[in-house]
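Colleague: Handing you this structure, nothing more for now.
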Amino acid sequence: MSHISKVEVEIQSLDDLKKACQRLGLTFQEGQTSYKWYGRWVGDAPLPEGVKQEDLGKCAHAIHVPGADYEVGIVKTSNKYQLLWDSWSAGKLEKVLGKDAGLLKQAYAIERVKRESKLKGYRIQEKRIDNGIRLIMTL
Amino acid sequence: MKKIIIDLLDNGEVHIETTGFQGPTCVEETQFLKDFLGRETFKRLIPAYFVRVKNKIIKKYLQLCG
């Protein structure tokens, strides 16, 4: 029996997010309570779920991205963490993190899968494919 | 051999595919991955799902998408 699933990544582990930052050469700023952004909400994109306009710019931790003028804020909401960041091109974040921070989510997912799968006894191989990274887990 | 293939795409999407599992265990065996990665948005059972179990083809699990 086989099946195919698609999963939308949610950040649940700060430890794995820190490892993802290391993987991408980013700096996790533990306890930094604000992040650099345009500084004013211009309404050109929907606010993230559960985030109000006055919450923008505030965070529990932040990620500094070398070569970018803006930063990523990390906010805890219920049982997960949200990434808040300004995708305006002048901030140069999207260039490093990809659209919707896809490369950061990818790196996080790799670290999370590797850690949890090893605990379950899987052997893991990692290889680059055209549009991402493939992890092959075998028992 | 039981195998789980996870494609972590550059756009942040995650695709999980299983091979070599018997019966409904593939869904159970990958549930832990889905639980810690986030929210499953799509699931499709592929033909290998329809295996004969105790001389009976289980069709009640037929799920083409969603």
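Colleague: Quick one: the Cα spread of the range A:31-104 along its three principal axes, in angstroms, biggest first?
Modeller: That gives 30, 26, 20 Å along the principal axes, largest extent first.
Colleague: Set the bar at 23 Å for Cα to Cα. Now go through A:19/A:76; A:36/A:92; A:76/A:120; A:19/A:120; A:52/A:76; A:19/B:34 and name every pair that lies beyond it.
Modeller: Too far apart for the 23 Å limit: A:76/A:120.
Colleague: So if I average 1/r over every pair of distinct C-alpha atoms in the range A:76-129 and take the inverse, what Kirkwood radius in Å does that give? Spell out each step's value before the answer.
Modeller: Numbers: mean 1/r = 0.0748 Å⁻¹.
Evaluated on the range A:76-129, it is 13.4 Å.
Colleague: So, one more: Only Lys, Arg, Asp and Glu count, each charged at its Cβ (+1, +1, -1, -1), so figure out the dipole size of chain A about its Cα centre, rounded to 20 debye.
Modeller: On the way: 23 positive and 18 negative charges, 135 e Å.
Computed about the Cα centre, the dipole is about 640 debye.
Colleague: Let me ask something additional. Can you list the GluC sites (Glu not before Pro) in the range A:35-78 that are in a DSSP coil and have 12 or fewer other beta carbons within 10 angstrom? Please list the in-between numbers first.
Modeller: Numbers: sites: A:49, A:54, A:71; in loops: A:49.
Sparse-neighbourhood loop GluC sites (Glu not before Pro): A:49.
Colleague: Tell me the relative contact order for chain A as a rounded percent, counting alpha carbon contacts under 8 Å between residues six or more apart.
Modeller: Values: 207 pairs, mean separation 30.4, N = 139.
Relative CO of chain A lands at 22 percent.
Colleague: Describe numerically, in nm with one decimal, the distance between label points set 7 Å from Cα along Cα→Cβ at residue A:51 and at residue B:41.
Modeller: 1.7 nm
Colleague: Quick one: if the Förster radius is 30 Å, what FRET efficiency do residue A:123 and residue A:15 give, using the C-beta to C-beta distance and rounding to 0.05?
Modeller: Details: r = 22 Å, r/R0 = 0.74.
Efficiency at R0 = 30 Å is approximately 0.85.
Colleague: At q = 0.08, 0.22 Å⁻¹, what log₁₀ I(q)/I(0) does a Debye calculation on the Cα points of chain A give, no solvent, two decimals?
Modeller: Reported log10 I(q)/I(0), two decimals: -0.24, -1.46.
Colleague: Right, here's the next one. State the Cα centre-to-centre distance between the range A:16-36 and the range A:108-139 in whole Å.
Modeller: Their Cα centres are 22 Å away from one another.
Colleague: Longest exposed-loop-site-free stretch of chain A, with trypsin sites (Lys or Arg not before Pro), DSSP loop and at most 12 other Cβ within 10 Å? Provide the component values of the computation, followed by the final result.
Modeller: Details: sites that count: A:40, A:52, A:120.
Counting at most 12 other Cβ atoms within 10 Å as exposed, the longest clean stretch of chain A is A:53-119.
Since every read-out is calculated from the coordinates, none of them should be taken as a lab result. All of these numbers come straight from a predicted model, not from anything done at the bench. Neighbour counts are summed over all protein chains in view; Cβ atoms, including those assigned to glycine, are modelled from backbone coordinates with ideal geometry.
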